[in-house]
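The numbers here are math on the coordinates, done by the rules we state, and not lab data. Given the structure is predicted, the values throughout are model-derived calculations rather than measurements.
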Ligand code: C2E
Ligand code: CA
Ligand code: CA
Ligand code: CA
C-alpha cells in the first residue's frame, strides 16, 4: 500500500514538474511576445437599444504567434496576471487603443467611446492614474471617451486603494464599468461608494435568459437596481433575436454580442462607425 502511494506521489510530482515546465515555457513565450508587441486589438461594438446604433467599442486583446496561430485572451491573461506581465501588456493595450482613436479622429470619423479591460494588478500600480491621464492629455483625447471595465475581484483585492484611484479617474471624466456583473462574490454595497457608471450583465445570464425564468427575474432585478442607482446597463454575449427581445422588454440600455457584431480588427470598423443603423 505504502509502495503504491509512493508511486502515485512520484507520478504526481513528475506531472506537476511537467506542468510547471510548460507554464514557464508559456510564460517565456508570452514575455517575448510582450517585448516584441505581438498583439493586436480587436474591437466589438456596443449597441444602444433606443437608437439602434453603435454607442461604443470594447477593445479586446489578441495574440498572434509566429506560426500565425491565435491565442485567446482566456489562455494568456491569467498567465500575464500571475507573472506580472499584465502591467506592460495593459500599458500597450491602452496606448494602442488611444493610437487607434487618434487615427480614426484624423480620418474624420465621429468620436466613439472606447472601453478597455483592466486587470487588478494593473490597477494596483501606484502610477496608474497619473500615467493614464498623461497619455490622454498627450493624445488630446477627451477622458469622457474612455471607460475602464473592472471586475468585482479588482474591488475585493484592495478596496481602499481602488476606491481612491476610481475617484481620481472619475473626477477627470473617465468612466468605470463593472464587468461580468452578477458573477462575483462581493456584496452590492460597493455600488454605494464607487463612482461606477455602468453594469455589464454577464454573458452567462444572457445565455440562459430565454429558457430560464429565474435568470430572467435576476436580470430584471439587476436592471431595476441599476436604473434606481442611475447606472447604465449593458448585456453581453447577445447572440439571438429572442435574447434581444427579452432584454429590450426588461429595459436594458445597451447590448453587445455576435448578434450585432463580432470583435473585429480596426480596418473592418469604419463602416460601423459611420453612424448607420446596426441591424
Ligand atoms: P470580457 O471582458 O467579458 O469580454 C467579452 C468576451 O466575450 C470577449 O471574449 C468577446 O469576444 C466575447 N463575446 C462577445 N460577444 C459574444 C457573443 O455573442 N457570444 C460569445 N460566446 N462570446 C462573445 P475574448 O475577446 O476572448 O476575451 C475574453 C476575456 O479576456 C475578456 O472577457 C476579458 O476578461 C479578457 N480580456 C480581453 N482583452 C483584455 C485586455 O485588454 N485586458 C485585460 N485585462 N483583459 C482582457
Ligand atoms: Ca470586458
Ligand atoms: Ca464581461
Ligand atoms: Ca469575462
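Odds and ends about this structure:
- Taking 20 °C and 1.002 mPa s as conditions, the chain diffuses translationally at an estimated 105 µm²/s according to Stokes-Einstein applied to its Kirkwood radius (Cα pairs).
- Between residue 156 and residue 13, full extension at 0.36 nm per residue minus the direct alpha carbon distance yields a gain of 48.2 nm.
- Cα extents of segment 3-141 along the three principal axes, largest first (Å): 72, 35, 30
- Value at 222 nm in deg cm²/dmol, rounded to 500, when DSSP H runs of n ≥ 4 in the chain each add -39,500 (n - 2.57): -15500 deg cm²/dmol
- Cα point-scatterer Debye curve for segment 208-249, base-10 log of I(q)/I(0) at q = 0.26 Å⁻¹: -0.96
- Segment 64-208 has equivalent-ellipsoid semi-axes of 23, 21, 17 Å, by the square roots of 5 times the alpha carbon gyration tensor eigenvalues, sorted largest first.
- Taking the inverse of the mean 1/r over every pair of distinct Cα atoms in segment 79-160 gives a Kirkwood hydrodynamic radius of 13.6 Å.
- Axis angle, to the nearest 10 degrees, between helix 86-106 and the longest C-alpha principal axis of the chain: 30 degrees.
- The value given for segment 176-218 is a Kirkwood hydrodynamic radius of 11.4 Å, derived from the mean inverse Cα-Cα separation.
- Kirkwood radius, segment 139-198, all distinct C-alpha pairs, inverse of mean reciprocal distance: 11.9 Å.
- Gyration tensor (alpha-carbon) shape descriptor, segment 11-63, a/c threshold 1.5: oblate
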